[in-house]
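Below: the structure, in structure tokens.
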Amino acid sequence: MSKISGTVAIVGVGESDEMGVVPGKSALQHHAEAAYNALEDAGLTKDDVDGLFTARYSPLTTAEYMGIRPKYSDGTWIGGGSFEGHVFHAMAAINAGFCEVALITHGQSGRSSRIPALIDDQGFAHGTVSDSPDPNQPPLQYEQPYGLIGPPISYAFACTRYMHEFGEERTRSALAEIAVSTRKWALKNEKALMKKPMSFDDYHNSRWIAWPFHLLDCCLVTDAGGAVVVTSTDRARDLKKSPIRVLGAAESHYHGMISQMPDYTTLAAKETGKRAMNMAGVSHDDIDLTMVYDAFTYSAMLSLEDLGFCGKGEAPDFLQDQRTAPGGDFPLNTNGGGLSYTHTGMYGIFLMIEAVRQLRGECGERQVDNCQISLVNGLGGIMSSANTLVLGNHE
Amino acid sequence: MAEYYKPIPVPQPESEYYWKMAKDEELWLRHCNSCEKIYFYPRDICPGCYSRDTNWVRSTGKGILHTFSIVYRAPHPAFKDDVPYVVALVELEGGARIPTNLIEVEVTPEKIKVGMPVEVVFDRLTEDITLPKFRPVQVSPL
């Protein structure tokens, strides 16, 4: 165990007041509501905040909107898993004494944005081609002219390679297990967008988006916000809720656009999982709850392999018989995931919110028994970045 | 010619030669004289060993299909008339991987296989821009 392990804790979490399809609120409103709710959850106020962390939205605008003047500001944007990275960065900043209360905020109107030209996480224009940003960006020269645009096609492109190496039918069965089990968890979460059960037939019969992906391999697109408050473990002891300590954290990224991914069956989580678990001094058997970024069924199954829960090519065996569903022996994505709960575009903040609630024992019908340690794996970009955290509720 | 709404590459300082040669229906790649790596996309400094001693080499235009996806839901209205179409990654002789479209093929997973041999063909978009695309290697009848 590293000596930095456990020195900071998550003390507040919150979502925006409304989530899902919320055309009446802007992204900044989602940021602010989530931040308000997370600070209230912690028993802190805006004036306690001296570190501000956000992704994609400018920290300038976000801080201005909420009336915050940070001593430490971090706008690291490496995709939807940036927020797990912010916890890693906050751990460093708090230990260095640069700030004491770090507020990490996210808000996005992925579903209802009124921006005519949607710019996605990679800076690709989806609305009008002529509004494309800097043509010096490699995707604009080398991928977009071919219609290789956006996450569903790009992740599907990677999944085809896994099917080639490890078998199409085996892979398909794993994707289906994830889609179906994740929906079962969503039905236990009143905040989840998806309210109806999903059968295996529903999965296999859903329309093609980009082969090999069916519609039900792909995450939702929603409007929501989420926020997390981090402070030193010393300060955390006096706050409203019992602190959830950050036992391990690690970060990496390998590429920007999908055609530059070094190996389509390996994520950077292969390194970050090991580093975060080494920092925490825990092994796989110690993990009670696993939260992985399920932008697509494929990214969830691949994360389990690269985090070391099973070997390369073994996820289809590991996932058999709904073992990740409620009642199974490997609880996974218990909020219902990006696939069935919410996915604004940058979903990573919501992984941590659920892990913290599970570790506090606040999850009611979907509560994981005796949940003491959770592994959270943020993924970002086009399978580009990995930010892994190990969280625990022990003093 | 009907109006073309899809993204058209805008050559950049490091890629001007690439696009100029594509217009002449030749595929040229960067090669590192230090580590001997041939790489895509064009960059003056080798992304493998960081050497500045790099040059251009002509590709045979032959390779194998490394991975692909068949697009059914257009990612942008400009591609709506093209679906289903194939986005592909070709591993060229020499090792560089290039994103492209696989064309002149029946668009179904039964007919498109990772590992199949493919060859470059050129699709002229505008006066200045020609896109390298790929098709299955044509076997000449005996």
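Values quoted throughout were computed directly from the atomic coordinates according to the rules given, and no laboratory measurement underlies them. Since we're looking at a predicted model, the values are computed, not measured. Here the Cβ is made from the backbone with ideal geometry for all residues, glycine too, and neighbour counts use every protein chain on show.
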In terms of the Cα gyration tensor, with a ≥ b ≥ c the square roots of its eigenvalues, is the protein assembly as shown rounded because a/c is under 1.5, prolate because a/b exceeds b/c, or oblate? prolate
Hey, what's the Kirkwood Rh for the range A:236-334 if you take every pair of different alpha carbons, in angstrom? 15.1 Å
Counting partner chain Cβ atoms within 10 Å of every residue's Cβ in B:58-69, what's the average? 4
Beta carbons within 10 angstrom, averaged per residue: use that to sort the peptides A:150-160, A:310-320, A:203-213, A:244-254, highest first. A:150-160, A:244-254, A:203-213, A:310-320
Once amide H atoms are built 1.01 Å from N in the peptide plane, which residues 5 or more positions from residue B:72, or in another chain, come under 5 Å H to H? A:210, A:211
Measuring from centroid to centroid over Cα atoms, what is the spacing of the range A:31-78 and the range A:256-283 in Å? 28 Å
In the range B:38-142, the GluC sites (Glu not before Pro) that sit in a DSSP loop and have at most 13 other Cβ atoms within 10 Å of their own Cβ are B:93, B:104, B:106, B:110, B:127
Value of [θ]222 nm, deg cm²/dmol, for the protein assembly as shown, DSSP H segments ≥ 4, -39500 (n - 2.57) each, nearest 500: -7500 deg cm²/dmol
Over chain B, with a Gaussian network built from C-alpha contacts below 10 Å, which listed residue (B:108, B:67, B:100) shows the highest mean-square fluctuation? B:108
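List A:198, B:21, A:352, A:91 from most exposed to least, where exposure is judged by having the fewest other Cβ atoms within 10 Å. It would help to have the intermediate numbers written out before the result.
Details: A:198 21, B:21 18, A:352 28, A:91 24.
In order of increasing Cβ crowding within 10 Å: B:21, A:198, A:91, A:352.
Could you list A:363, B:35 in order of exposure, starting from the residue whose Cβ has the fewest other Cβ atoms within 10 Å? Mind dumping the intermediate values first?
On the way: A:363 18, B:35 14.
So the residues, fewest neighbours to most, are B:35, A:363.
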q = 0.15, 0.19, 0.26 Å⁻¹, the range B:1-79: log10 I(q)/I(0) [Debye, one scatterer per Cα]: -0.73, -0.98, -1.18
Within straight-line cross-link reach of residue A:3, lysines at Cα separation under 29 Å, skipping those fewer than 8 residues along the same chain: A:71, A:240, A:241, A:270, A:274
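Could you tell me which chymotrypsin sites (Phe, Trp or Tyr not before Pro) in the range B:1-105 are loop residues by DSSP with no more than 10 other beta carbons within 10 angstrom of their beta carbon? Working shown, then result.
Details: sites: B:4, B:5, B:17, B:18, B:19, B:28, B:39, B:40, B:50, B:56, B:68, B:72, B:79, B:85; in loops: B:4, B:5, B:40, B:50, B:72.
Passing both the DSSP loop test and the Cβ count: B:50.
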Footprinting proxy, B:46, A:99: sorted fewest to most Cβ within 10 Å, the residues are B:46, A:99
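Let me know the shape class of the range A:121-267, please: from the alpha-carbon gyration tensor, a ≥ b ≥ c as square roots of the eigenvalues, rounded when a/c is under 1.5, otherwise prolate if a/b is greater than b/c, or oblate.
Details: a/c = 1.77, a/b = 1.24, b/c = 1.43.
In terms of gyration-tensor shape, oblate.
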For the range A:165-198 the trypsin sites (Lys or Arg not before Pro) that pass both the DSSP coil test and the at-most-14 other-Cβ-within-10 Å test are A:195
